[in-house]
Amino acid sequence: MTIDALCFLGVSRFGYQLNAADLVRTLDAEGIATAVVAPVHPRDHDFAAANTEIAAVAGDSGGRLVPLARIDPWDGEAAVDELARAVDGGARGVFLHPAEEYFQINDVRLRPVAERAGELGVPVIVATGFHCLSEAIQVGRFAEWCPDVPVVMTNGGQLNISGLAQSDAEIALGAPNVHILTNGVYRDDFLERTVRNFGADRVLFGSCAPRFEVAYEHRRVHQVHISDEERAQLLSGNASRLFGIGVPA
């Protein structure tokens, strides 16, 4: 079984879109059993409605799609309440996008979100690598606020996978609750080194479709030089464990 640990559904105010039927067809073409899905940034900025719709779509998918909640921390206490409501409605984690909602992930105003995720026992996925908003070091600071919660950095923890960006990602991975998604990481040696130095349980296959292509990102995980057992963790074991896939909601 293969699990894509992050895709986006809906019509984004930023110009990209994907619907559930098209995503499932893509999963079928790639032999992927399940995808973890988060809402795009909705055009009307109604995250509660978007979370409700994602939960309904996932519920109708026969287990093919697993929902995440998405919140805007600028909504303050209402955002924290929405996270709790969405988790109660079936969300298996929370997705935060500092670039699209425009906040710094290490802003102290994010601490209540981290702490509530800890109380709810759900992982946090952070769109990572955006300059001054969600660079890996900043995500590492956020992770300190919820040490018992898995925090997953997209883009391998970096958008510019060179020089100090790689070093920053590895510094953030020094926190035992920090993980990375494989999307966009064009350097196989970085993924191989992460598995070797931090463990295969810290890396998850995720395409971040439709911003990235599922088939290409899927192929990336199959070409890195790691053991079959380690690859199985990247492709399914870690996502199953973190998001409770195969466990009743």
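The values are calculated or read from the model by the stated rules, or taken from the named source; none is laboratory data. Bear in mind that the values here come from a model prediction, so they are computed numbers and not experimental data. Cβ coordinates were reconstructed from backbone atoms using ideal geometry, including for glycine residues, and neighbour counts include every protein chain displayed.
What the table shows:
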quantity: Number of the exception - GLY63 against (1) on the phi > 0 side of the Ramachandran plot; (2) of a type in the set (Gly, Ala, Ser); (3) buried (at least 18 other Cβ atoms within 10 Å of the Cβ); calculated: (3)
quantity: The stretch 115-146: number of residues that are touching a Pro at 6+ places or on another chain (Cβ under 8 Å) and either aromatic (Phe, Trp, Tyr) or in a loop (DSSP other than H, G, I, E, B) (or both); calculated: 5
quantity: Any chance ALA35 is touching an Asp or Glu at 6+ places or on another chain (Cβ under 6 Å), small (Gly, Ala, Ser), modelled with pLDDT of 95 or more and buried (at least 21 other Cβ atoms within 10 Å of the Cβ); calculated: yes
quantity: Among (1) in contact with a helix residue (DSSP H, G or I) (Cβ under 8 Å, 6 or more places away or on another chain); (2) surrounded by fewer than 24 Cβ atoms within 10 Å (Cβ to Cβ), the one test that GLY156 misses; calculated: (2)
quantity: Some residue of the stretch 154-164 being at pLDDT below 95, part of a helix (DSSP H, G or I) and not charged (D, E, K, R); calculated: yes
quantity: Cβ pairs under 6 Å, 6+ apart, first in the stretch 215-230 and touching a residue at least 24 places away in the same chain (Cβ under 8 Å), second charged (D, E, K, R) and surrounded by 13 or more Cβ atoms within 10 Å (Cβ to Cβ); calculated: ALA215/GLU30; HIS218/GLU30; VAL224/ASP188; VAL224/GLU192; HIS225/GLU192
quantity: Residues being more than 19 Å from VAL36 (Cβ to Cβ), of a type in the set (Asp, Glu) and either buried (at least 16 other Cβ atoms within 10 Å of the Cβ) or touching a Leu at 6+ places or on another chain (Cβ under 8 Å) (or both) - total across the stretch 66-105; calculated: 2
quantity: Considering residues of the stretch 198-214 that are free of Cβ contacts under 8 Å to residues at least 40 places away in the same chain and of a type in the set (Gly, Ala, Ser) only, the residue nearest to PHE14 (Cα to Cα); calculated: ALA200
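Condition check ((1) more than 22 Å from PHE205 (Cα to Cα); (2) within 16 Å of the chain's Cα centre (by Cα)) across all residues:
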site	(1), (2)
LEU110	yes, no
ALA114	yes, yes
SER134	no, yes
TRP145	yes, no
